[in-house]
Amino acid sequence: MKDKIKSLQEQLQDKIKEVKTLKQLNDLKTEYLGKKGCVTALTANMKDLTLEEKKEIGSLINKFKEDVTVLLEELQSKIEEEELNKKLENEKIDITLPGLEIKSGSPHILEKMIEEVEELMISMGYDVESGPEVEKDLYNFELLNLPKGHPARDAQDTFYITDELLLRSQTSPVQIRTMLANKEKTPIRIICPGKTYRRDDDDATHSHQFTQIEGLLVDKDISLANLKATFEIIAKKLFGENVKARFRSSFYPFTEPSVELDISCFNCGGKGCNICKETGWITVGGAGIVHPNVLNNCGYDSEKWTGFAFGFGAERLAMLKYGIKDVRTFYLNDLRNCDTFNRRENI
Ligand code: DAH
């Protein structure tokens, strides 16, 4: 027995040298101290010994067991420390490395254009309103002096949801909503930027979804002169002090008279270039004096009240201002749309 213990001790010394990982250590622990391990097996062999021998060998086995436990525990701490050091070595943080770049956001070019108009109009005493994109036929057409069957409805090829519900084809219904909501029938100055929809085939200048900026002013004794003055301010602020504004006669059912809003070409100064298609002028929207029927439809007595209204295409303004050639680029997830326009010429 003594020889057996001695040889186990020697074997253990050799085996310990081989152990490099916690897994190997656990295997060795099981081999020596486990239920079926060699130390337990020694105890089982004691039953044939004399009492004297049992005492002596028993204490030898206990001592051996203690030694094995201590040795293996020491080895475990050593391996754990080594593994930790290795991990720390691998995960070393190099504090001299430059940090990850945090990209700062910037507004989408279309949003920027809208905000520019909003700020300007707010400075002139206008409120910013909004309305639903799913609109009643009543507000999108009928109360705007476009009864069912009116030929001018065809110009706005509309997405109908039901006979009475549609995707608004213009932001003009917000005029109706604002006038109806104003129960005291006091003066109104609002603009409404918003999405609009028409059954157009998408190309460089058409999109089935686009953005309008509507304007409405209702007060006493309002004339085309007020509209002209307001439009001149807008044109100069958006496109430069040298820009001139001009009205061209037109037709809209909700205004009488109606005009097209033109600005002199900011690019060529009116001489003619490819931006103004050699005409020297660029159309940026429609406008007019609010039709008496529209005022009356909304509870404003047209004998007492007058007003003007206008509608700009927001994409058109942004395309002109920032030299964008294809309206579809606004709707692509192209980060150049959110750039500071230094790279606009790439689009
Ligand atoms: N709603 C018109 C359109 O979509 C634009 C417009 C023209 C709006 C004249 C107005 C206006 O308020 O007075 O073509």
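How big is D, in µm² s⁻¹, for the chain by Stokes-Einstein at 4 °C and 1.567 mPa s if Rh is the Kirkwood radius over C-alpha pairs?
48
Could you tell me which of F231, I263, S169 has its Cα farthest along the dipole of the chain towards the positive end, charges placed at Cβ (Lys, Arg +1; Asp, Glu -1), taken about the Cα centre?
Positive-most Cα among the choices belongs to I263.
Report the relative contact order of the chain, percent, no decimals, based on alpha-carbon pairs under 8 angstrom and at least 6 residues apart.
14
Under 5 Å between amide H atoms, partner at least 5 residues away or on a different chain: which partners does T205 have, H built in plane at 1.01 Å?
The list, which skips near neighbours in sequence, is V327.
Points 7 angstrom from Cα along the Cβ direction at N267 and K220: gap in nanometres?
4.7
Cross-link list K17/K63; K15/K65; K136/K237; K112/K136; K20/K47: which exceed 26 angstrom alpha carbon to alpha carbon?
Check vs 26 Å cut-off fails for K136/K237; K112/K136; K20/K47.
Could you sort 199-209, 257-267 so that the peptide with the highest average Cβ count within 10 Å comes first and the rest follow in order?
The peptides rank, most packed first, as 257-267, 199-209.
Given 0.36 nm per residue, what is the gain on full extension from S250 to E53 after removing their alpha carbon distance, in nm?
Fully extending the segment from S250 to E53 adds 58.6 nm.
Relative to the present Cα-Cα distance, how much length would full extension add between E232 and D27 at 0.36 nm per residue of separation?
Result for the pair: 64.8 nm of gain on full extension.
Quickly estimate the mean residue ellipticity at 222 nm for the chain, helices only: each DSSP H run with n ≥ 4 gives -39500 (n - 2.57), and the total goes over all residues, rounded to 500.
Dividing the helical sum by the residues of the chain leaves -12500 deg cm²/dmol.
Hey, got the dipole for the range 2-90? About the Cα centre, +1 on K and R Cβ, -1 on D and E Cβ, debye to the nearest 20?
320
Isolated Cys in the chain by the 4.7 Å beta carbon test?
C38, C192, C298, C338 - these cysteines have no disulfide-compatible partner (Cβ-Cβ under 4.7 Å) in the chain.
Enumerate the calculated ³J(HN,Hα) couplings along the range 227-236 in order (Karplus 6.51 cos²θ - 1.76 cosθ + 1.60, θ = phi - 60°), each rounded to whole Hz, writing x wherever the residue is Gly or Pro.
Each residue of the range 227-236 in turn: 4, 4, 5, 5, 5, 4, 4, 4, 4, 5 Hz.
Taking Cα pairs under 8 Å and at least six residues apart, what relative contact order does the range 2-90 come out at, in percent?
This gives 33 percent for the range 2-90.
Given points 7 Å out from each Cα along the Cα-Cβ axis, report the V134 to E241 separation in nanometres with one decimal.
5.0
Using a 7 Å offset from the Cα along the Cα-to-Cβ direction at both T43 and L8, what is the distance between the two label points in nm, to one decimal?
Label at T43, label at L8, 1.1 nm between them.
Normalise the Cα radius of gyration of the range 1-110 by 2.2 N^0.38 Å (N = residues in it) and let me know the number.
For the range 1-110, the normalised Cα radius of gyration is 2.00.
Give me the aspartates and glutamates in straight-line cross-link reach of K2: C-alpha distance below 12 Å, same-chain residues under 8 apart excluded.
In chain and number order, the partners are E53, E56.
So if R0 is 30 Å, what FRET efficiency would I93 and E73 give, r being the distance between their Cβ atoms, rounded to the nearest 0.05?
0.40
Using a Cα-Cα cut-off of under 19 Å, which lysines could be cross-linked to K277, ignoring same-chain neighbours fewer than 8 residues away?
Within the straight-line limit of under 19 Å, K277 reaches these lysines: K244, K321, K325.
What is the sum of charges around F64, taking Lys and Arg as +1, Asp and Glu as -1, for the other residues whose C-beta is under 11 Å from the C-beta of F64?
Neighbourhood net charge equals +3.
Rounded to the nearest 0.05, what FRET efficiency do K195 and N293 have when you use their Cβ-Cβ distance and R0 = 30 Å?
The computed FRET efficiency comes out at 0.65.
Throughout, read-outs are computed from the coordinates displayed, never taken from laboratory work. Only a predicted model underlies this, so the values are computations on that prediction, with no experimental measurement involved. Positions of Cβ are backbone-derived with ideal geometry, glycine not excepted, and every protein chain shown enters the neighbour counts.
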